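Okay, so here's the structure we're looking at.
The values are calculated or read from the model by the stated rules, or taken from the named source; none is laboratory data. Predicted model only: the values in this text are computed from it and were never measured. Here the Cβ is made from the backbone with ideal geometry for all residues, glycine too, and neighbour counts use every protein chain on show. The protein model used for the area step is the full one, side chains on, heavy atoms only, and it has no ligands, DNA or RNA in it. Shrake-Rupley method; radii C 1.70, N 1.55, O 1.52, S 1.80 Å.
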Protein chains: 2
Amino acid sequence: MATGRTHRPATRSRGIPEATVARLPLYLRALTALSERSVPTVSSEELATAAGVNSAKLRKDFSYLGSYGTRGVGYDVEYLVYQISRELGLTQDWPVVIVGIGNLGAALANYGGFASRGFRVAALIDADPAMAGKPVAGIPVQHTDELEKIITDNGVSIGVIATPAGAAQQVCDRLVAAGITSILNFAPTVLSVPDGVDVRKVDLSIELQILAFHEQRKAGEEVAAPEEGAGAVSPPPVSPHRAPPGAPGADSGRQGPDGDVPAVMPA
Amino acid sequence: MATGRTHRPATRSRGIPEATVARLPLYLRALTALSERSVPTVSSEELATAAGVNSAKLRKDFSYLGSYGTRGVGYDVEYLVYQISRELGLTQDWPVVIVGIGNLGAALANYGGFASRGFRVAALIDADPAMAGKPVAGIPVQHTDELEKIITDNGVSIGVIATPAGAAQQVCDRLVAAGITSILNFAPTVLSVPDGVDVRKVDLSIELQILAFHEQRKAGEEVAAPEEGAGAVSPPPVSPHRAPPGAPGADSGRQGPDGDVPAVMPA
DNA sequence: ATGTCTTTGTGAACGCGTGCACAAAGATGG
DNA sequence: CCATCTTTGTGCACGCGTTCACAAAGACAT
């Protein structure tokens, strides 16, 4: 999961737990697949398997939405697709803007999963004047100067940030000032936003690091970890030189502070 | 976070909670930034703010790693960077292979955040013969036929799947059979893997849908929904009882019955 | 040394999320 | 109409994660 929510402590919207909301898209995907195969109904067991979750959890999730099932039979696929879509707000059109048309931004612009879910790429924005007018995924890139106008003219409320880390906060501030209230952030930075603005982040690097952690653990299981100092080893002021990976280090020379340039895109 | 973990119920690796592991990369990023600015020490309060978390949570997280701070002073930045890197397994080289070099795969191959964290792209693999030999991000693409050989020859244990949804499971099976034990999946499909294999998934579409949910709720707050609670009155926008599809009518039209099309990667 | 001040590390309480297990609801067959 | 069988919906218990709040530990000044 390359995700991470931000803020929004416990405002359980109208009783639907955040964890449940996060799974609804999963159910929707599985249901859509069934719908395409013209399957009329599914049991919680079948659907749960298709969505990769526990059936009890699925039933409990659906119970928050209402009683849409039929005991002894299961759930009507089409009806459920509609209900979940409505709950998620996918029955309406959501114009989005993508800021930062680099490798990642371009990949996002070409992403086919947008339109099929009610999301419409209203505009592509980049700070590089050379990019202006150049079409990406059939949409001409516009310069950052137009940002505010684009957002207000199109009534955009969701913005995607795919810029380098250094520019993210600045872009974010402008988006928010222009009226954006939901942001999907691909830049490896913590964005600070005023209350009322939602931010979700996707960071591939983080996901890989989590995998590495487990991978290391698996590998170390056979060798039996050396347990290191049992007693609390007081932190010696002597900063142990950070062991640089045997790889071609010297990465931080690429650019700004963090040198991170996000590049992600779910298929 | 466009993230979502999979499996691994409660195997808290050596006592470090999964939630804590997921935050370590966040701390590491903030610490690295401080390190580059030559800041010698930070308090839990400062670091927490930089990482976007609560200070109490941060201290508790660090407590699982050991006592690396100094009361009254804070944490030694360099030392902590090293400890966390080591804990995450980033002090060693992790060769990874990327399968599926479409828009997404190419973006990933160009991602600068890999090398800087100890990850090295060992190979790019695609099923399209026309792609073979073509360099992407300086690395020549190899055909799927070579998959097994590439993995065993390079001792790769982490694989990234960026193929269309339809090919994901098949690719996954081959990766696992070849010895891969950690997979980062960008395809919108639930992968089934044997025990011992970790899968993490990133799905942009899901993140956007979650944002849409909250966005819709924000918009609806002004209209103030009429409580509707008590009697569990199933909201029948279409039909009270198990009404068949019927949905499209009220729907924003546009998309056909299918609507979804499992995010078929443009490739 | 001694006292004061800062910040960590953690015990404990609390709340959310998960999964079990079962009663209720409805379908189905006789 | 009744019996049986399937599957939902949910009460309940449990465990993880979060947060509070404070004692302990050390820095620093006197």
Query raised in the report: Could you list, in sequence order, the residues of region B:35-50 that are surrounded by fewer than 22 Cβ atoms within 10 Å (Cβ to Cβ) and assigned to a helix (DSSP H, G or I)?
Result: B:S35, B:E36, B:S44, B:E45, B:E46, B:A48, B:T49, B:A50
Report task. Report yes if A:V96 is modelled with pLDDT of 95 or more, within 27 Å of B:G52 (Cα to Cα) and surrounded by 22 or more Cβ atoms within 10 Å (Cβ to Cβ), otherwise no. Result -> yes
Query raised in the report: Has region A:125-144 got any residue that is within 16 Å of DNA strand C (Cβ to nearest atom) and over 27 Å from B:F213 (Cβ atoms)?
Result: no
Requested in this report: Kindly provide the set of residues from region B:33-47 that are free of Cβ contacts under 8 Å to residues at least 40 places away in the same chain and more than 9 Å from DNA strand C (Cβ to nearest atom), ordered by number.
Outcome: B:A33, B:E36, B:R37, B:S38, B:V39, B:P40
Requested in this report: Those residues that are surrounded by fewer than 19 Cβ atoms within 10 Å (Cβ to Cβ) and not in a loop (DSSP other than H, G, I, E, B), I need them from region A:177-209; list them, please.
Outcome: A:A177, A:A178
Query raised in the report: Quick one: would you say A:A106 is outside the structural domain of A:Y27 (by TED's automatic domain parsing), open to solvent by 10 Å² or more (accessible area, probe 1.4 Å) and either touching a residue at least 40 places away in the same chain (Cβ under 8 Å) or among the hydrophobic types (A, V, I, L, M, F, W, C) (or both)?
Result: yes
Report summary line: Being open to solvent by 50 Å² or more (accessible area, probe 1.4 Å) and either assigned to a helix (DSSP H, G or I) or within 14 Å of another protein chain (Cβ to nearest Cβ) (or both) narrows A:Q142, A:Q170 down to just A:Q170
Requested in this report: Report whether or not B:K218 is at pLDDT 95 or above and either buried (at least 19 other Cβ atoms within 10 Å of the Cβ) or part of a helix (DSSP H, G or I) (or both).
Outcome: no
Query raised in the report: Has region B:110-120 got at least one residue that is open to solvent by 10 Å² or more (accessible area, probe 1.4 Å), within 14 Å of chain A (Cβ to nearest Cβ), out of contact with any strand residue (DSSP E or B) (no Cβ under 9 Å at 6 or more places or on another chain) and of a type in the set (S, T, N, Q)?
Result: yes
Query raised in the report: Among the candidates B:L24, B:L58, which residue alone is at the interface with chain A (Cβ under 9 Å from one of its Cβ atoms), buried (at least 22 other Cβ atoms within 10 Å of the Cβ), at negative phi and assigned to a helix (DSSP H, G or I)?
Result: B:L24
Report summary line: When (1) at pLDDT 95 or above; (2) within 12 Å of DNA strand C (Cβ to nearest atom) are applied to B:S67, the one that fails is (1)
Requested in this report: Search region A:16-32 for residues that are in contact (Cβ under 8 Å) with a residue 40 or more places away in the chain and pair each with any residue that is within 9 Å of DNA strand C (Cβ to nearest atom) and open to solvent by less than 10 Å² (accessible area, probe 1.4 Å) when their beta-carbon atoms are under 6 Å apart and the residues are at least 6 apart or on different chains.
Outcome: A:T20/A:D61
Query raised in the report: Has region B:63-74 got at least one residue that is touching a Leu at 6+ places or on another chain (Cβ under 6 Å) and either open to solvent by less than 10 Å² (accessible area, probe 1.4 Å) or basic (K, R) (or both)?
Result: no
Query raised in the report: Are any of the residues in region B:189-201 within 21 Å of A:T32 (Cβ to Cβ) and modelled with pLDDT under 95?
Result: no
